[in-house]
Amino acid sequence: MSIRYIDELKDLKGKKLFVRVDFNVPQDEKGNITEDTRIVGAVPTIRYAVEQGAKVILASHLGRPKGEKKTKYSMEPASKRLSQILGKKVVQAPDCFGPEVDALIDAMKPGDIVMLENVRFYPGEEKNDREFAAKLANNCDLYVNDAFAVSHRAHASVEAITRIIPTISAGFLMKNEMTFFDKAMSNPVRPLVAILGGAKVSGKLEVLETLVNKVDKIVIGGGMAFTFLKAMGYSVGKSLVEDELIATAKKIMDKARKKGVRLYLPVDCVVANTFEATATNFITTVQEIPEGWMALDIGPASATLFAETLRDAKTVIWNGPMGVFEMDAFARGTFSVAESVGNCYATTVIGGGDTDAAVNKAGVASKVSYISTGGGAFLELLEGKVLPGVKALDVRKK
Ligand code: AMP
């Protein structure tokens, strides 16, 4: 694939530049943005476009308005936050297209920024509708995709629009995502260690199947570990188990063994009598999980074992928490692994909202080589898929 980046575009001055960003940021009930990583991530691209004198037209989705205009999902708080970060006015358009938007765009001067309204206010966005894409495109000269986190979706502002705007490119955030992913998965310095956690095996089956062909070691924690432990013959009490995937877990372990991939599972865990923050809990080995109790975190011996697997790692990729880290009583395993990843001498790439939150809470975010802004998109890359939004940027097709 051949992708052109924004800094390879010529003569941006005065040109209408459509920039698809992902400002799908979490907000509290009052509409205050509680976390702005994705906005901050797109700033280098926006700043560059402004400095080059482009007329910058930003588009994003937010939440799930299901094709209807709902004030709750307006882009306004995001454009206000962007304006604060840039120290520059960002004009919030009342819609995605139409006479009022045209008037705003016609009045733009080089370096001005207009933010369109939520593209998911129209059903055409998620349907990848060409007509909707043409309305959005608004005769723009140039297109930039800097929305990695939504590039696993073939939606109108990500896919169909690339067949309408004459010149297409990717932004700096996209460049970082692709570069680090490539470093970690396509051309890794070995040993390459993958740490996988989260709730279920079913959610990450394809990831596991792909990783077992690529990595030197796989560390499995979180709820998904218990399907593997049960497959090994342990009684895991009321821990999360997908019985229908026990055979698959066995196959994955078999394959790992045949390929010489070392697969690590927890050796101890924190068990609780109920799924509650205040549940009675204690640490036990995985051999001795009592009947009727559930494992909600890895134990200290597992945290030490997992840290040991990283000792000689040159590349580490991590997705998914080691336990129910939303509850303090079951967060220690995840934080401990976050610290080990942060302190290891390797290129470390992490992805997924939970994992991102864990390294931030553990205070090691600045020590990680790269934190992906993508959840679903990151997982699809791990599955070995080509994202439709990235495929659409292949300039050889044009
Ligand atoms: P995922 O979206 O698959 O990455 O899963 C993330 C969720 O997995 C988090 O909300 C965790 O609370 C949950 N989780 C992690 N470990 C466990 C466990 N041992 N039992 C139940 N849920 C877990």
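The values are calculated or read from the model by the stated rules, or taken from the named source; none is laboratory data. Every value quoted in this text rests on a predicted model; they were computed, and no experiment measured them. Every residue, glycine among them, receives a Cβ derived from its backbone with ideal geometry; neighbour counts consider all protein chains shown. When the accessible area is computed, the model is the full protein with side chains, heavy atoms only, and any ligands, DNA or RNA have been set aside. Shrake-Rupley method; radii C 1.70, N 1.55, O 1.52, S 1.80 Å.
Things worth noting here:
- Neighbour cut-off at most 12 other Cβ (10 Å), DSSP loop, chymotrypsin sites (Phe, Trp or Tyr not before Pro), region 329-398: Tyr345
- Ordering Asp394, Asp216, Asp243, Asp328 by accessible surface, largest first, gives Asp328, Asp243, Asp216, Asp394; the 1.4 Å probe counts only protein heavy atoms, with every chain in place.
- For region 6-175: accessible area per residue (Å², 1.4 Å): 43
- Across region 188-382, C-alpha contacts under 8 Å between residues 6 or more apart give a mean separation that, scaled by the residue count, equals a relative contact order of 22 percent.
- Gained length - Lys13 relative to Met232, 0.36 nm times residue gap less alpha-carbon distance: 72.5 nm
- At the listed q of 0.10, 0.15, 0.16 Å⁻¹, the Debye profile of region 6-175, built from one uniform point per Cα, gives log10 I(q)/I(0) equal to -0.31, -0.74, -0.86.
- For region 190-304, average projected area of the Cα convex hull in nm²: 6.9
- Across region 58-217, C-alpha contacts under 8 Å between residues 6 or more apart give a mean separation that, scaled by the residue count, equals a relative contact order of 18 percent.
- Antiparallel DSSP beta bridges within region 188-382, as percent of all bridges there, nearest 5: 35
- Neighbourhood net charge (10 Å Cβ-Cβ; Lys/Arg +1, Asp/Glu -1) for Tyr370: 0
- Of the beta bridges in region 6-175, as assigned by DSSP with both residues counted there, near 5 percent are antiparallel.
- Only Cα pairs under 8 Å and 6+ residues apart enter the sum, and on that basis the relative contact order of the chain stands at 16 percent.
- Expressed per residue, the C-alpha convex hull volume of region 212-263 stands at 70 Å³.
- Over 23 Å between alpha carbons, listed pairs Lys15/Lys183; Lys30/Lys109; Lys109/Lys135: Lys15/Lys183; Lys30/Lys109
- Cα-based convex hull, region 188-382, per residue volume (Å³, whole number): 100
- With a Förster radius of 35 Å applied to the beta-carbon distance between Arg262 and Glu35, the computed FRET efficiency rounds to 0.50.
- Lys204 accessible area, 1.4 Å probe, all protein chains in place, Å² to nearest 10: 30
- Computed Kirkwood radius, in angstrom, where 1/r is averaged over Cα pairs of the chain: 22.4
- Shape category assigned to region 1-83 from the gyration tensor of Cα positions, a/c cut at 1.5: prolate
- For Thr274, the residues whose modelled amide H falls within less than 5 Å of its own, excluding neighbours fewer than 5 places apart on the same chain, are Thr280.
- For Lys88, Lys238, the ranking by accessible surface with the largest value first comes to Lys238, Lys88, using a 1.4 Å probe.
- Degrees, to the nearest 10: 332-343 long Cα axis against longest axis of the chain: 70
- Only helices enter the 222 nm calculation for the chain: every DSSP H run of n ≥ 4 contributes -39,500 (n - 2.57), and dividing by all residues gives -9000 deg cm²/dmol, rounded to 500.
- Taking label positions 7 Å along the Cα-Cβ direction at both Ser186 and Lys255, the computed distance is 2.2 nm, reported to one decimal.
- Near Val286, once Lys and Arg are set to +1 and Asp and Glu to -1 for all other residues with Cβ below 11 Å from its Cβ, the sum equals -1.
- Counting DSSP beta bridges with both ends in the chain, the antiparallel % (nearest 5): 25
- All aspartates and glutamates inside 13 Å of Lys259 as judged from Cα atoms, apart from same-chain residues fewer than 8 positions distant: Glu209, Asp216
- Low-density loop positions, GluC sites (Glu not before Pro), region 1-89 - DSSP coil, at most 16 other Cβ in 10 Å: Glu29, Glu35, Glu68
- Computed extension gain for Asp106 through Gln84, at 0.36 nm per residue and net of the alpha carbon distance, reaches 5.5 nm.
- Figure legend: label point modelled 7 angstrom from the Cα of Asp28 along Cα→Cβ; residues of region 59-87 with amide N under 20 Å from it are 63, 72-82, 84-85.
- Accessible surface of region 140-272, 1.4 Å probe, proportion on carbon and sulfur as whole %: 49
- Above-threshold pairs, the threshold being 31 Å between Cα atoms, out of Lys16/Lys127; Lys217/Lys367; Lys250/Lys361; Lys55/Lys127; Lys16/Lys175: Lys250/Lys361
- Cα long-axis angle, helix 300-309 against the chain (0 to 90 degrees, to the nearest 10): 60
- Efficiency of FRET between Asp243 and Thr274 - r from beta-carbon atoms, R0 25 angstrom, step 0.05: 0.70
- Region 171-207 residues near the modelled Tyr345 label - backbone nitrogen below 20 Å, point 7 Å along Cα→Cβ: 184, 188-194
- Sum of side-chain charges, Asp312 neighbourhood, beta-carbon under 12 Å (Lys, Arg +1; Asp, Glu -1): +3
- The chain: angle of helix 76-86 to the longest principal axis, Cα-based, in degrees nearest 10: 90
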